[in-house]
Amino acid sequence: MRGINRLLFGISGLPIGNGQKFNYASGITYLKGFGLDAMELLFVRSVNVSDKNKDAILENKLKNDFYLSAHGSYYINLNADEWKKQEESMQRIINAAEALAKVQGRSLIFHPGFYLKDSKEMTYDTIRQNLSRLPYKGIDYRLETTGKGTQFGTLEELVSLCKEVSSCKLCVDFAHIHARNNGSLKEYDDFAKLLQYIVDELGQVALHDLHIHMGGIQYSEKGERNHLPLEESDFNFKACLQALKDFNVKGCVICEGPRVEYDALLLKKTYETL
């Protein structure tokens with residue numbers, strides 16, 4: 001699945017199902033039968049792919065022609081005050097990439113860090129230096145746009161990093177951008193402007209291999225608060241999907257929120273009718 005020639009749709013973490021318990025391997029089979037194409041493994045608290053479960057995950061991934069990504073640790077800050085914490089963050093990224101490679105996953109998504117007391121320029125330089133030291137393990141390091149003003153990770157910052165660090169690519173979280181700017185993504189043109197910016201800065205190739213997060217979101221002036229079901233939120237997913245279609249975006253859309261597979265299927269079916 002190295003070259004994806006369409007837009008895939010999937011979920012973050014395990015499916016809800018109908019009360020049954022899932023692991024990654026059984027979740028893949030269930031989601032494929034449900035009509036979805038992808039899953040983002042959650043390494044947010046610990047890397048939970050090991051020698052015990054990797055074979056079953058890989059077998060079901062290959063059997064179902066399924067796309068796997070992973071979300072890295074919540075405890076990554078490549079701009080931490082202490083050098084030791086920066087090194088620990090680097091190691092968390094490397095450990096996650098190695099685990100994802102065992103199941104032939106494609107993309108490791110993570111938030112690079114926080115500004116803390118540093119200027120935006122200083123934060124950028126520190127994070128860039130650390131990212132450029134990461135060993136390339138055949139996994140794309142996907143820098144995710146962030147949902148709060150205290151977090152490093154505007155689209156402009158991440159696009160600039162992708163230009164400078166060859167192992168890094170984008171993860172555009174539309175819900176985070178919407179929340180960070182207090183509900184800025186309202187109309188079709190708001191989404192189109194973002195995609196045009198990516199084309200202008202990184203070329204069409206970036207839109208032909210884009211990782212996307214989408215979902216309903218609650219926010220305040222300070223940014224993201226929590227995820228909501230799509231239809232209970234003000235996120236204009238139809239306009240977003242129309243822009244993705246018009247810009248011929250390829251890659252993967254991961255749905256986040258309390259109704260994961262149901263909202264992901266809503267996104268896929270809506271996209272197919274456009």
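The values are calculated or read from the model by the stated rules, or taken from the named source; none is laboratory data. Note that the structure is a prediction, hence the values are computed from the model and not measured. Because the Cβ atoms are built from the backbone with ideal geometry, glycine has one as well, and the counts that use them run over all protein chains shown. What goes into the accessible areas is simple: the full protein's heavy atoms, side chains included, and nothing from ligands, DNA or RNA. Shrake-Rupley method; radii C 1.70, N 1.55, O 1.52, S 1.80 Å.
Per residue and in cubic angstrom, what volume does the convex hull of the Cα atoms of the chain have?
Numbers: hull volume 33.2 nm³, N = 274.
About 121 Å³ per residue, rounded to a whole number.
Our coupling estimate for segment 264-271, obtained by passing each phi through the Karplus curve with A = 6.51, B = -1.76, C = 1.60 and θ = phi - 60°, is 4, 5, 4, 4, 5, 5, 4, 4 Hz, Gly and Pro reported as x. Given segment 121-183 reduced to its alpha-carbon atoms as identical point scatterers, what log10 I(q)/I(0) does the Debye formula return at q = 0.12, 0.15, 0.29 Å⁻¹? Log-scaled intensity ratios, in q order: -0.29, -0.45, -1.25. Around the amide H of Ile109, modelled in the peptide plane, lie the amide H atoms of Ala70, His71, Gly72, Arg142, all under 5 Å away and 5 or more residues distant in sequence or on another chain. Using alpha carbon centroids, what distance separates segment 1-35 and segment 63-125, in Å? That distance is 23 Å.
Could you estimate the translational diffusion coefficient of segment 222-274 from the Stokes-Einstein equation, with Rh from the Kirkwood formula over C-alpha pairs, at 4 °C and 1.567 mPa s, in whole µm²/s?
Numbers: Rh = 12.0 Å.
Rounded, D is 108 µm²/s.
Working value for segment 83-206: equivalent-ellipsoid semi-axes of 24, 18, 13 Å, each the square root of 5 times a Cα gyration tensor eigenvalue, largest first.
Across segment 137-164, no residue has a backbone nitrogen under 13 Å from the label position 7 Å along the beta-carbon direction of Lys250.
Let me check against my output: what whole-number percent is the relative contact order of the chain, with C-alpha pairs under 8 Å and at least 6 apart? Please report the intermediate quantities before stating the final value.
Values: 558 pairs, mean separation 53.3, N = 274.
Dividing the mean separation by the residue count of the chain yields 19 percent.
For segment 123-267, the convex hull spanned by the alpha carbon atoms encloses 108 Å³ per residue.
Taken over the Cα atoms of segment 192-239, the convex hull encloses 108 Å³ per residue. Backbone amide hydrogens, once placed in the peptide plane, bring Gly216 within less than 5 Å of Leu228, Leu230, excluding anything fewer than 5 places away on its chain. Dividing the summed helix terms, -39500 (n - 2.57) for each DSSP H run of n ≥ 4, by the number of residues in the chain produces a 222 nm estimate of -13000 deg cm²/dmol to the nearest 500.
With one equal scatterer per alpha carbon and no solvent term, the Debye-computed log10 I(q)/I(0) for segment 1-124 at 0.17 1/Å reads -0.86. Given their separation in residues at 0.36 nm each and the Cα-Cα distance between them, Asp65 and Ser160 gain 30.9 nm when the chain is fully extended.
Amide H contacts for Phe114 (H built 1.01 Å from N in the peptide plane; partners 5 or more residues away or on another chain; cut-off under 5 Å): Leu78, Asn79, Phe152. Using a probe of 1.4 angstrom and keeping all protein chains present, the accessible surface of the chain works out to 44 square angstrom per residue. Could you derive backbone 3J(HN,Hα) for segment 148-164 from the dihedral phi with the Karplus parameters 6.51, -1.76 and 1.60 (θ = phi - 60°), listing whole Hz in sequence and x where the residue is Gly or Pro? Working through the residues one at a time gives 10, x, 7, 8, 4, x, 6, 4, 5, 4, 6, 4, 4, 5, 4, 5, 8 Hz.
With contacts defined as alpha carbon pairs under 8 Å and 6 or more residues apart, what's the relative contact order of segment 139-178 in percent? Let's see the in-between values first.
Numbers: 50 pairs, mean separation 21.4, N = 40.
Computed over segment 139-178, the figure is 53 percent.
Using a 1.4 angstrom probe on heavy atoms only, work out the carbon and sulfur share of the accessible area of the chain in %. On the chain, the fraction of accessible area on carbon and sulfur atoms equals 48 percent. Across segment 190-199, computed HN-Hα scalar couplings (Karplus, 6.51 cos²θ - 1.76 cosθ + 1.60, θ = phi - 60°) run 5, 6, 4, 4, 5, 5, 5, 4, 4, 4 Hz from first to last residue, x flagging Gly and Pro. Got a number for the accessible area of Glu59? Probe 1.4 Å, square angstrom, nearest 10. The accessible area of Glu59 comes to roughly 110 Å².
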